[in-house]
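Read through the structure below, which is laid out as structure tokens, and then see the notes.
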Amino acid sequence: MLQVNTEKIRIMEDIILKNRHIYPIDEFLKIKRGNKGENEKVNLNKELKDEGEDDTKESGNKERGTKDRRGNKGRKGGKERELSQIKVNDEIVVDIIVKTILSQNTSDKLRDIAFERLKGKYRNLMDLVYGDEKEIKRLISVCGLPNVKTKRIKNALIKIKEELRKPSDLCKMGKDKAFRFLTSINGIGPKSAEVILAFACGYDTFPVDTHVSRIIRRLGISLGTREKIHKIVSPHIENKILTHIFLIHHGRSVCRAKNPKCSICIFKNICDYHLSQMALHSTR
Ligand code: SF4
């Protein structure tokens, strides 16, 4: 049974909140959302209003009745934390799904080039359902795995077309049900599903990618695979998408896989990896 150091999560989140200005987090969110105007700006930590689905009825919310670090009763009654006050619409949902699949195993830059090429040809990406496969592969080849990604995009859009009245219905079925719907699509795993739920629907989720899992492990919060970290750490993160975005930036610029820049890291006083390296050097 994997352990989670919840006290260290609390300290990590406090450090992140104090230092959130060092990375362009709000810019990142706008870019992810498509940057289409004021209505689509995000408002982190906004609690979901009473309207909408209560998906904890069907899932049994583990966090029901728990207190947050300010001592407030949190999420009781099934209120999901929402990160956005944006209007969910069909185009954004489809765009984010396509973008998320394109971003698998590639850089943001190449993903964006492929996405813009698709948008240049198919203004409404739902039309990819009927699009010529060869043409789609050609347009997205810049971001790698064109055969696999074309198949995944088509599968995902066909499922949405066949099973939902309209794409934005994904965001009305409740977070857990939407998660199950997305992960039932071949090629959409838990991380991609959480990304879609955050940036298409505005849920506060904690996608665990390679940067996030590396930092969580090095800090000593929890060990194990990405999937396990997602499952056992996520419920304890209070500001999920903020923490996710911060750690992505931090993993790219400071806590890199090779040669992490521990001397300038804001987590160095709580990091097991760094402290063990220091202890090793002092005994030499
Ligand atoms: S102290 Fe080093 S290993 Fe630890 S989180 Fe920072 S950069 Fe990563």
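In sequence order, the range 260-270 has phi-based couplings of x, 8, 4, 5, 10, 7, 5, 9, 4, 6, 10 Hz under the Karplus curve 6.51 cos²θ - 1.76 cosθ + 1.60, θ = phi - 60°, and Gly or Pro positions carry x.
Listing V4, V148, V98 from fewest to most neighbouring C-beta atoms within 10 Å gives V148, V4, V98.
A simple spin-label model places pseudo-atoms 7 Å from Cα toward Cβ; at M278 and N19 they are separated by 1.4 nm. In terms of distances greater than 24 angstrom between alpha carbons, the cross-link table entries K109/K154; K99/K268; K99/K154; K151/K231; K177/K240; K109/K137 yield K99/K268; K151/K231. Using only alpha carbons, the range 74-213 has a radius of gyration to Kirkwood radius ratio (Rg to Rh) of 0.97. Of T183, T205, T150, the sequence from fewest to most neighbouring Cβ atoms within 10 angstrom is T183, T150, T205. Near Y203, the amide H atoms lying under 5 Å from its own belong to L83, A198; only residues 5 or more places off or on other chains count, and H is placed 1.01 Å from N. Highest mean packing comes first when the peptides 5-15, 250-260 are listed by Cβ atoms within 10 Å, giving 5-15, 250-260. Backbone amide hydrogens, once placed in the peptide plane, bring L223 within less than 5 Å of Q3, excluding anything fewer than 5 places away on its chain.
Order 212-220, 154-162 from most to least packed using the mean count of other Cβ atoms within 10 Å. Mind showing how you got there, number by number?
Values: 212-220: 21.2, 154-162: 17.0.
Output ranking for 212-220, 154-162: 212-220, 154-162.
Every number here is computed from the coordinates shown, using simple stated rules; none is lab data. The shown structure was predicted, so the numbers you read here are calculated from the model rather than taken from an experiment. Every residue, glycine as well, gets a Cβ built from its backbone with ideal geometry; the counts of neighbours run over all protein chains shown.
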